[in-house]
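Heads up, the thing below is written out as structure tokens.
The values are calculated or read from the model by the stated rules, or taken from the named source; none is laboratory data. The shown structure was predicted, so the numbers you read here are calculated from the model rather than taken from an experiment. Positions of Cβ are generated from backbone atoms using ideal geometry, with glycine treated the same way; all protein chains shown enter the neighbour counts.
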Amino acid sequence: MYNINKVKMLEFSEKGDERGRLVIIEGGQDIPFEVKRVFYIYGSDKDVMRGQHANRRTEFVLINVAGTSKVKVKDGRGNEVIFCLNRPHTGVYLPAMVWKDMYDFSEDSVLLVLASEHYDAEEYIRDYDAFAYEIEQVKEKR
Ligand code: TYD
């Protein structure tokens with residue numbers, strides 16, 4: 001199975017009462033990995049493109065806890081899929097070895113990212129052709 005087929009939207013349980021809402025995400029239960037790292041992105045202009053990389057090992061879940069953005073995921077073989085992140089109780093799961101571009105940030109966008117690994121610049125592939133080449137190598141080994 002190609003990694004892009006593992007990309008999926010996740011819906012988290014939301015508890016609401018007169019005091020407001022609360023969303024619950026338990027590592028290894030509501031998402032398919034234990035969380036080792038959390039970061040969030042805000043203050044990006046609408047015309048900014050972020051991401052533009054693939055990760056050899058790290059899996060991610062992206063959640064717009066406020067505002068909206070889009071993520072385009074590419075498999076390095078010509079297939080791509082776009083997700084609109086626009087609800088605080090939904091996220092998108094991204095396995096390792098997919099290319100991701102985040103863009104179309106609303107002014108109030110806060111994009112929360114949960115990651116399966118600590119930061120390691122060496123496992124980021126920031127050149128699309130290099131990513132596509134690595135995907136080809138894996139395919140040939142099959
Ligand atoms: P970058 O990967 O370019 O962000 P994005 O994926 O949103 O486009 O990261 C921006 C800078 O922050 C870059 O210098 C690397 C650094 N960084 C860390 O030190 N730790 C992290 O966990 C992340 C995600 C980035």
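Overview of results
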quantity	calculated
Per-region count, segment 9-45, residues surrounded by 13 or more Cβ atoms within 10 Å (Cβ to Cβ), touching a residue at least 60 places away in the same chain (Cβ under 8 Å), within 24 Å of His118 (Cβ to Cβ) and charged (D, E, K, R)	2
Per-region count, segment 19-69, residues of a type in the set (Phe, Trp, Tyr) and more than 22 Å from Ser109 (Cβ to Cβ)	1
Listing of strands (runs of 3 or more DSSP E) fully contained in segment 14-122 that carry 1 or more residues being closer than 30 Å to Ala132 by Cβ and within 13 Å of the ligand (Cβ to nearest atom)	37-42, 50-55, 60-66, 69-74, 90-94, 99-103, 110-115
Single match in Lys46, Lys72 (criterion: basic (Lys, Arg) and over 15 Å from Val7 (Cβ atoms))	Lys46
Residue within segment 39-53 that is in contact with a helix residue (DSSP H, G or I) (Cβ under 6 Å, 6 or more places away or on another chain), at pLDDT 95 or above and not hydroxyl-bearing (Ser, Thr, Tyr) present	no
Among residues of segment 20-54, those that are under 18 Å from Ala66 (Cβ atoms) and of a type outside the set (A, V, I, L, M, F, W, C), counted	9
